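Chemist: Below you will find the structure I want to go over with you.
The values are calculated or read from the model by the stated rules, or taken from the named source; none is laboratory data. Note that the structure is a prediction, hence the values are computed from the model and not measured. Glycine also receives a Cβ, built like all others from the backbone with ideal geometry; neighbour counts cover every protein chain displayed.
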Amino acid sequence: MKRIHKTKEPSSLTQYRSSINKENFTDSNIYEDFKHKTQDGCEANEALNLRRQLLEEQGYICCYCMQRINCKTSKIEHFKSQEKHRDSQIDYNNLFVACIGGESQKDFEQHCDTKKANQDLNAINLLSNIENEIKYIKKDKDTIEISSDNPEIQSDIEILNLNLKVLQKNRKEALENAISKLKTKNFKAQEIKELISKYKNKHNGKFEPFCEMLVYFLNKKLSAN
């Protein structure tokens, strides 16, 4: 996970909200009536489309697991669930974009928003420097686990099922690819710094998948050097 910097909400959402009477703000269909527009407009590269703007804000990575996502492989996430927080269902600061998360698969194979469903998270705040509360641990030669010293955040990690085996393996593969780039340059400090800078910033509007995990391990490598 990494901090998400919100921009000004798209006018399409502002206009839609202004069309709703205040007494109807908590109706269950408020977001659902708007939802279909976000998918079609995103794929058509429609200007001011909500889903596309959320993707651009997040650099086309999932707000939780940091895997690559796009218009077709994403879903709009209500951080505070629609069911429990009707008044926030079209609040831009409550809207993010997440991966499909094993949708339609068995419960233990789901993760991120799909696994979270209508549960509330205890301590994770996607608008804060959440990356400072997260650490990564190499469990064996094939997997990397995400964890936190904060027990409430650790509980949230479990709610999101972020240590699903496939996610652990994907993290390890991403790290191995990063390390292989350094091997050709003899792990020089300047090269490590340049790679950290690369993963901290968007390129062509996108973050590298698992970017904050890569920064975490590269900083450790830099310290060791």
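Chemist: At positive phi and either surrounded by 19 or more Cβ atoms within 10 Å (Cβ to Cβ) or touching a Phe, Trp or Tyr at 6+ places or on another chain (Cβ under 7 Å) (or both) - does that describe any residue in the range 180-196?
Modeler: no
Chemist: Looking at (1) in a helix (DSSP H, G or I); (2) touching a helix residue (DSSP H, G or I) at 6+ places or on another chain (Cβ under 6 Å), can you tell me which one Cys65 breaks?
Modeler: All conditions are met except number (1).
Chemist: Please tell me if Asn93 is of a type outside the set (Gly, Ala, Ser), touching a residue at least 40 places away in the same chain (Cβ under 8 Å), within 19 Å of Ser12 (Cβ to Cβ) and surrounded by fewer than 15 Cβ atoms within 10 Å (Cβ to Cβ).
Modeler: Numbers: of a type outside the set (Gly, Ala, Ser): yes; touching a residue at least 40 places away in the same chain (Cβ under 8 Å): yes; within 19 Å of Ser12 (Cβ to Cβ): yes; surrounded by fewer than 15 Cβ atoms within 10 Å (Cβ to Cβ): yes.
When the stated conditions are applied, Asn93 passes them.
Chemist: Can you tell which of Lys138, Lys220, Lys169 is modelled with pLDDT of 90 or more, in a strand (DSSP E or B) and surrounded by fewer than 17 Cβ atoms within 10 Å (Cβ to Cβ)? Give the steps one after another, and end with the answer.
Modeler: Values: Lys220 fails: in a strand (DSSP E or B); Lys169 fails: in a strand (DSSP E or B).
Step by step, each of Lys138, Lys220, Lys169 is checked, and only Lys138 is modelled with pLDDT of 90 or more, in a strand (DSSP E or B) and surrounded by fewer than 17 Cβ atoms within 10 Å (Cβ to Cβ).
Chemist: Now, a different point. Evaluate the following for Ile69: is it among the β-branched types (Val, Ile, Thr), closer than 27 Å to Ser128 by Cβ, at pLDDT 95 or above and assigned by TED's automatic domain parsing to the domain that holds Asp91?
Modeler: On the way: among the β-branched types (Val, Ile, Thr): yes; closer than 27 Å to Ser128 by Cβ: yes; at pLDDT 95 or above: yes; assigned by TED's automatic domain parsing to the domain that holds Asp91: yes.
The answer is yes for Ile69.
Chemist: Give me a count of the residues in the range 1-42 that are among the hydroxyl-bearing types (Ser, Thr, Tyr) and either within 30 Å of Gln154 (Cα to Cα) or not in a helix (DSSP H, G or I) (or both).
Modeler: In the first step, residues of the range 1-42 are kept if they are among the hydroxyl-bearing types (Ser, Thr, Tyr); the result is 7, 11-12, 14, 16, 18-19, 26, 28, 31, 38.
Going one step further and asking which of them are either within 30 Å of Gln154 (Cα to Cα) or not in a helix (DSSP H, G or I) (or both), we end up with 7, 19, 26, 28, 31.
Adding up the residues that qualify gives 5.
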